[in-house]
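Written out below as structure tokens is the structure these notes cover.
The values are calculated or read from the model by the stated rules, or taken from the named source; none is laboratory data. Keep in mind that this is a model prediction, so the values were computed, not measured. Virtual Cβ from ideal backbone geometry, glycine too; neighbours counted across all protein chains shown. With ligands, DNA and RNA removed, areas are computed over all heavy atoms of the protein, side chains included. Shrake-Rupley method; radii C 1.70, N 1.55, O 1.52, S 1.80 Å.
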Amino acid sequence: MLGLTCLAAAGDTPQERYVKMYADMAVREMLRSGVPASITLAQGMLESGSGQSRLATKGNNHFGIKCHKGWEGKTMRVDDDAPNECFRVYKSVEDSYKDHSDFLRYRDRYKFLFDLERTDYKGWAYGLKKAGYATDPGYPAKLIKYIEEYNLSRFDVLDKAVETAVPLPPHRIEAPVLAMADEEFHFPLTRELYSINGVPFVYALEGETYKSIAKYYHLFHKEILRFNDLRRDQALLPGTVVYLSYKKNHTQAGLDKYIVEEDGEDFHAICQRFAVKEKSVLKMNGLKKAPVLREGDELKLR
């Protein structure tokens, strides 16, 4: 795609062959997800024995990603931290690379990594360990050794024309924006008005209700409940996000999905967090009603 494999170090060791074979794939994933290509390659080399492990050759799993509760694809059993552990099996190596990128980008515990500079491979390496990707205390040092020994950081540097294709960090896309002019949303700015995903909202104050906020903004009570995917009125805690118009049918680009971190996460709360309509998320995911969510479940958001 970008002709980058020609830059790979010449040689015929398993590590050098791995770089030549998968460097372009790692760069494509960096453009799609924002995960540095150097980190992807180093993790792939380390976790798969440079593509020679049984998990890689039989299951196309290059990153040691275990089944977790939400995985519904094929599996295989391999001794790892414990005997006979369950690992994901992929149809292709490319599917493994994509799942690795999504695993990092759409799980909350890894999202802080994307706030680092993409060229800060040391920060990423130590951040992966901090977030719990691996139990080995020497994991960051091993990644850094691969990156420096095989000069993998060169793949993190893009031409200016291509740089704009890399998505913004998830936290930057999710962050509420303070409205600066009343023309933007046609609401009076006598109190601070924010927006998420282009949808205006206020943070509820002590003693407010949905009805009082609706009245303040010249909305119907039932209307503001619909805006917030509520079927009936309920108590309003200070700091709650209250949307003042309909949420969107999907999220912005770069927040394509959400991967559930813990059993029992609230479906309504997730839709509120990303300012997307519940009915739209249900439709995108082929669901008829709000699901009982488990760790590892994926929700498409666009």
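Given Cα pairs under 8 Å that are at least 6 residues apart, what percent is the relative contact order of the chain? Before the final figure, lay out each step's value.
Details: 477 pairs, mean separation 46.2, N = 302.
The value is 15 percent.
What shape does region 1-121 have by the C-alpha gyration tensor, where a ≥ b ≥ c are the square roots of the eigenvalues, rounded means a/c under 1.5, and otherwise prolate means a/b greater than b/c and oblate the rest?
Cα axes put region 1-121 in the oblate bin.
Using the structure shown, list the pairs from Lys66/Lys91; Lys91/Lys283; Lys69/Lys300; Lys257/Lys277; Lys211/Lys289; Lys111/Lys288 with a Cα-Cα distance above 21 Å, or answer none. Provide the component values of the computation, followed by the final result.
Details: Lys66/Lys91 16 Å; Lys91/Lys283 26 Å; Lys69/Lys300 17 Å; Lys257/Lys277 14 Å; Lys211/Lys289 27 Å; Lys111/Lys288 30 Å.
In this structure, Lys91/Lys283; Lys211/Lys289; Lys111/Lys288 exceed 21 Å between Cα atoms.
Given the Cα-Cα distance of Asp95 and Met284 and 0.36 nm per residue of separation, how much length would full extension add, in nm? Intermediate values should be presented prior to the final figure.
Working: separation 189, 0.36 × 189 = 68.04 nm, distance 2.09 nm.
Result: 66.0 nm gained on full extension.
What is the calculated FRET efficiency for Ala269 to Leu205, with r their C-beta to C-beta distance and R₀ = 22 Å, to the nearest 0.05? Display every interim value, and only then the final one.
Values: r = 20 Å, r/R0 = 0.91.
Efficiency for this residue pair is about 0.65.
Would you indicate which of [x] 22.4, 72; [y] 19.4, 57; [z] 25.7, 87 is the value of Rg and Dmax of the Cα atoms in Å derived from the coordinates of this structure?
Among [x] 22.4, 72; [y] 19.4, 57; [z] 25.7, 87, the one derived from this structure is [x].
Quick one: pull the percent of accessible area on the chain belonging to carbon and sulfur, 1.4 Å probe, ligands and nucleic acids left out.
Working: 8240 of 15530 Å².
Carbon and sulfur: 53 percent of the exposed surface of the chain.
For Lys58 and Ala141, what is the calculated FRET efficiency with R₀ set at 35 Å and r taken between the beta-carbons, to the nearest 0.05?
Values: r = 29 Å, r/R0 = 0.82.
Plugging the Cβ-Cβ distance into 1/(1 + (r/R0)^6) gives 0.75.
Quote the Stokes-Einstein diffusion coefficient, in whole µm² s⁻¹, for region 169-257, based on the Kirkwood radius over alpha carbon pairs, a temperature of 20 °C and a viscosity of 1.002 mPa s. Write down the numbers at each step before the final one.
Details: Rh = 13.8 Å.
My calculation gives 155 µm²/s for D.
Counting only residues 5 or more places away or on other chains, whose amide H sits under 5 Å from the amide H of Asp297 once H atoms are built in the peptide plane?
Answer set, sorted by chain and number: Gly70, Val260.
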